[in-house]
2 protein chains.
Amino acid sequence: MAAKPTELGDAEAKPALSRRQMLRDGSALLGGVAISGVAGAPASAEGAASNVPPNIPEWMKAPGDPMGSQPYGTPSPFEKGVVKNISNKLPQYISASGRTPIGDLDGIITPNGLFYERHHGGVPTIDPEQHRLMLHGLVDRPMIFTMEDIRRFPSQSRIHFLECSGNPVYTKPYGKTASDLVGLLSCAEWTGVSLKLVLEEAGLRPEAKWLVAEGADAAALTRSIPIEKCLDDAMLVYSQNGERLRPQQGYPLRLLLPGFEGNMNVKWLRRLKAVTEPAYSREETSKYTDLMPDGVAREFTFYMEAKSIITRPSGGQKLKDKGFCEITGIAWSGHGKVRRVDVSVDGGKNWQEAALQDPVLTRALTRFRLPWQWDGQPAVIQSRAIDETGYVQPTFAELLAVRGENSFYHNNAIQPWRIDAHGQVTNANA
Amino acid sequence: MAAKPTELGDAEAKPALSRRQMLRDGSALLGGVAISGVAGAPASAEGAASNVPPNIPEWMKAPGDPMGSQPYGTPSPFEKGVVKNISNKLPQYISASGRTPIGDLDGIITPNGLFYERHHGGVPTIDPEQHRLMLHGLVDRPMIFTMEDIRRFPSQSRIHFLECSGNPVYTKPYGKTASDLVGLLSCAEWTGVSLKLVLEEAGLRPEAKWLVAEGADAAALTRSIPIEKCLDDAMLVYSQNGERLRPQQGYPLRLLLPGFEGNMNVKWLRRLKAVTEPAYSREETSKYTDLMPDGVAREFTFYMEAKSIITRPSGGQKLKDKGFCEITGIAWSGHGKVRRVDVSVDGGKNWQEAALQDPVLTRALTRFRLPWQWDGQPAVIQSRAIDETGYVQPTFAELLAVRGENSFYHNNAIQPWRIDAHGQVTNANA
């Protein structure tokens, strides 16, 4: 990508106000209703009178739900609108997707119930006792593993993001909310075994250059993985965020290739074959390639490039008042750690450096935040990620200049949001 | 606690074998069935024949579950036994508890559906639009906050454990599984606002030495928090693992006091009053105090001391064969980071240093692992945590020597597991 280098001068041109300055714009406090007394709330405190001392809300007057009403818990009924964002435009058994509602979430961990899903033959219901992984091809000892065998290997746990390569597809305008645009993205703590260790156990031969991975879904999704990645940080994972994988994420066994495009992280993994050449499967020829301006399809893209998006405020949300507004979002890079995120509140003319929430982890989502005073005027806000390789997230115009009009996947362009004078936030590209 | 200093000499006496040595005990491979051919599995491969190439398992022969069957996902039906471990011995509306099944989990993040719960008046169903937080007492500007007000403050996200102070209670024998013993323990990524910042906004007065926090449950659970903690890393949190708090964890607002005993992290938070003296509420006098040998009740314990437990293998589990067995578990300290975890496989005579999974975070669970060769003979295994202050997790005998027989809470003793010649694992204290 021919993105221009980071403009440190611009980033420094408009230094962020201190947190205290930001909160105290003019004379108004940030939020809350000031009350005069200590014991009670004045009836004039707008909307606040009924549920503060000495008034007792209804839910304190009788015992609540008993223990055990939810042996496996679920969210509050008041959060029932926070679910996966499911496209009904896609053919159910060919190319279905459910997006994470990233505009509603905080932090970097995606709860398992909202992890994005993407499949081509539905979600198989696999009995883990019956599931097998076969490892064959260019190995000294072809092997068949039960899940018990896999779990007996030394384990490791790592927090990594997963992102679909069509997130969003390379067209515009494309979607109203952050989830519509970039919701094929989630992040979890994965536990499993180093693939390198399993390959060593089977005696991988030096002539093996690729592993062909096959899933046990009805589509038998198949991808070829370069052996360098298999011998680096690749894992066979069986748990996400502590518990076993969800069916939609490959229960009982998934290939995890940190930083690689989502569909290479083969779910319901049943077969690994060590070979000298890639398989040129459907998902690496007909799909998941990008037609470049010279007419050649770019294949085997592998790593997802650095990217970021502001999730609050974002499309579909509304600023209630002018004054203090924290701008926050997520950034990530398949190539390693996020080094910096810049935010612009003037349509890309000037940029300010956002704070990154620690710990900043490799190939994981990174939460960024910037304090801002909204003056009540229309504005366009956007973020750009810079990763540890120095790569800078491009604008869509920059992408277009390199890729042309016919690309379809791997769109990591900057996403601008427009805020109108009423505080309504919309996709500035739409 | 009068625990003896860490015995580095012991830890070094029996160096861990290399990973490769560990896996290759004698001539046998770690796991899996070796197969002779490439394309197919021999029918003699025990139990493995039906689901490996060229045989196609049933779940590949028809499309799986369609997209959208679970807008908010749930675990595989094959994991239906992995639920909260709910005590039916406790009075439902006085002291109910549901434990995290830590023996079934990996990594450090607890999925929200399995986060432990503990309440005294049931779980209230609170409408977040109606919920209010009142901040009053020794502040210049008493305030009432809506949830919208709270969410407008600058946010922060941190991964921290929460642990009940009676985990387990100070009696023995006590429980069969890791969850029975130490399941009132979970860890999540929390998002919210710095309490210090909110107190600054209200103008906290210098004479304020405590905050009295009150929950909006039917028990109106009330605890007094020292002002030093409130001005340090305390938070008002509204999200756990990305999504909004679960009802059982205080939806829509909870006080989070990293490292402090669980019940001080007041759920359903509705009131904070700045005062000069603690309230001496029920939960800090009649409950959550420890009667010491001199007849004086130790009150206001605050920080949970360093602790660890082996979760695999642990009580109720069974080793199938002798040979390689990874010992893994979790360690934590209310005082900061875990510096080291030692593991003994000979009843506490010798100790080996376990590997800690990075990142090691302050006041968060830390996953530890040690490769081990089980020789098929009876053994007693146990772990001990050392935190960054140098504190060493004590044995129960050491606790007893300091605390006597009448203590009830704050039991952070080493937990030994017995493995018999059949591989069955049981509580060595029972």
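What follows draws every value from the coordinates through simple rules; no lab data is involved. Not measured: the values here are computed from a predicted model. Positions of Cβ are generated from backbone atoms using ideal geometry, with glycine treated the same way; all protein chains shown enter the neighbour counts.
In the elastic network of chain A, a GNM with C-alpha springs shorter than 10 Å, the most mobile of A:THR366, A:THR74, A:THR191 is A:THR74. Among bridges DSSP assigns within chain B, what percent are antiparallel (round to 5)? The answer is about 95 percent antiparallel. Remark: mean inter-chain Cβ contacts per residue of B:95-107 equal 4, using a 10 Å Cβ-Cβ cutoff to other protein chain atoms.
For the rotation carrying B onto A, the chain B residue whose Cβ lies nearest the axis, with the distance in whole Å, reads B:PRO359, 2. Relative contact order for chain A: 17 percent, from Cα pairs under 8 Å spaced at least 6 residues apart, divided by residue count.
One equal scatterer on each Cα of the range A:271-370, no solvent, Debye formula: the resulting log10 I(q)/I(0) at q = 0.19 Å⁻¹ is -0.99. Based on alpha-carbon centroids, what's the gap between the range B:377-392 and the range A:98-116 in Å, whole number please? One Cα centre to the other: 36 Å. Summary for A:ASN55: label point 7 Å along Cα→Cβ; distances to the equivalent points in the other copies, ascending, 6.8 nm. In the elastic network of chain B, a GNM with C-alpha springs shorter than 10 Å, the most mobile of B:ILE159, B:ILE144, B:ILE310 is B:ILE144.
When each of A:ARG403, B:ARG282 is scored by the number of other beta-carbon atoms lying within 10 Å, the sequence from fewest to most is B:ARG282, A:ARG403. For B:HIS422, inter-copy separations between label points set 7 Å beyond Cα along the Cβ vector come to 7.2 nm, shortest first.
Of the residues A:SER76, A:TYR116, B:TRP190, the one whose Cα sits farthest toward the positive end of the charge dipole of the protein assembly as shown, with +1 on the Cβ of Lys and Arg and -1 on the Cβ of Asp and Glu, is A:SER76. Its residue count N fixes a reference of 2.2 N^0.38 Å for the range B:154-280, and the Cα radius of gyration divided by that reference is 1.11. Beta bridges assigned by DSSP with both partners in the protein assembly as shown are antiparallel in approximately 95 percent of cases. Taken about its Cα centre, the protein assembly as shown carries a charge dipole of about 580 debye when Lys and Arg each add +1 at the Cβ and Asp and Glu each add -1 at the Cβ. In chain A, the calculated helix contribution to ellipticity at 222 nm averages -2000 deg cm²/dmol per residue, counting -39,500 (n - 2.57) for every DSSP H run with n ≥ 4.
Plainly put, the tip 7 Å out from Cα toward Cβ on B:SER87 is 5.0 nm from that tip on each other copy, the closest given first.
Radius of gyration (Cα atoms) of the protein assembly as shown, expressed as a multiple of 2.2 N^0.38 Å: 0.96. Of all aspartates and glutamates in the structure, the ones whose alpha carbon falls short of 17 Å from that of B:LYS196, not counting any fewer than 8 places away in one chain, are B:ASP140, B:ASP149, B:GLU207, B:GLU228, B:ASP232, B:ASP233.
A cut-off under 11 angstrom between Cβ atoms defines the neighbours of A:THR125, and their net charge, with Lys, Arg +1 and Asp, Glu -1, is -4.
So for each of A:112-121, A:146-155, A:59-68 I average, over its residues, the number of other beta carbons within 10 Å; can you give me the resulting order with the highest mean first?
On the way: A:112-121: 24.4, A:146-155: 20.4, A:59-68: 16.8.
The peptides rank, most packed first, as A:112-121, A:146-155, A:59-68.
Peptides B:99-109, B:413-423, B:285-295, ordered by how many other C-beta atoms sit within 10 Å of their residues on average, highest first, read B:99-109, B:413-423, B:285-295. Peptide A:153-164 is shielded by partner chain Cβ atoms: per residue, an average of 4 of them sit within 10 Å of its Cβ.
Per residue of peptide B:82-94, the mean number of Cβ atoms on other chains within 10 Å of the residue Cβ is 3.
In percent, what relative contact order does the range A:88-141 have, based on Cα pairs under 8 Å that are 6 or more apart in sequence?
Over the range A:88-141, the number comes to 39 percent.
For the range B:166-220 versus the range A:254-302, the spacing of their alpha-carbon centroids is 47 Å. Here the ratio of the Cα radius of gyration of chain B to 2.2 N^0.38 Å is 1.10.
Rounded to the nearest 20 debye, the dipole magnitude of chain A is 320 debye, with +1 charges on Lys and Arg beta carbons, -1 on Asp and Glu beta carbons, and the Cα centre as origin.
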